[in-house]
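Worksheet for the structure shown next.
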Amino acid sequence: IVRDMRAAGVPAMVSQTAGTFVCNHVFYGLMHVLAHRKTGSTATTRGGFIHIPYLPEQAARHPGAPSLALDTLIAGLRVAVATSLSTDADIREGGGQLH
């Protein structure tokens, strides 16, 4: 997803520490639901979490906070969905940041 977002001109990175509180709770809750749902079909549902930054007008109230324009966020989320639907497995690639 990150590779495809960058190729589309959307700034993105893997964060190794993002969401160590609420975001992780949401992500692990989703993973728990997916792991324990009744299996009645052959389809597998994958899940993930994308943390998006503030819009510029929101970031103005939070000095130093990252932000992206709404059009860029929408473009990035469209790429993420398209990549998720067309990819069966994650690529193995080193990278990411701690903050």
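The values are calculated or read from the model by the stated rules, or taken from the named source; none is laboratory data. What you are looking at is a predicted structure, and each value in this text was computed from that prediction instead of being measured. Positions of Cβ are backbone-derived with ideal geometry, glycine not excepted, and every protein chain shown enters the neighbour counts.
Key figures for this structure:
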| quantity | calculated |
| --- | --- |
| Unique match (being touching a helix residue (DSSP H, G or I) at 6+ places or on another chain (Cβ under 6 Å), touching a residue at least 24 places away in the same chain (Cβ under 8 Å) and of a type in the set (Gly, Ala, Ser)) among ALA65, ALA12, ALA75, ALA80 | ALA12 |
| Matching residues in segment 52-86 - criterion: being surrounded by 10 or more Cβ atoms within 10 Å (Cβ to Cβ), of a type in the set (Gly, Ala, Ser) and in a helix (DSSP H, G or I) | ALA59, ALA75, GLY76, ALA80, ALA82, SER84 |
| MET5 vs. criteria within 24 Å of ASP90 (Cβ to Cβ), in a helix (DSSP H, G or I) and touching a residue at least 60 places away in the same chain (Cβ under 8 Å) | yes |
| Filtered residues of segment 24-51 (kept if of a type in the set (Val, Ile, Thr), within 20 Å of the chain's Cα centre (by Cα) and loosely packed, with under 14 Cβ neighbours inside 10 Å) | VAL26, VAL33, THR44, THR45 |
| Test result for ARG92, among the charged types (D, E, K, R) and at pLDDT below 90 | yes |
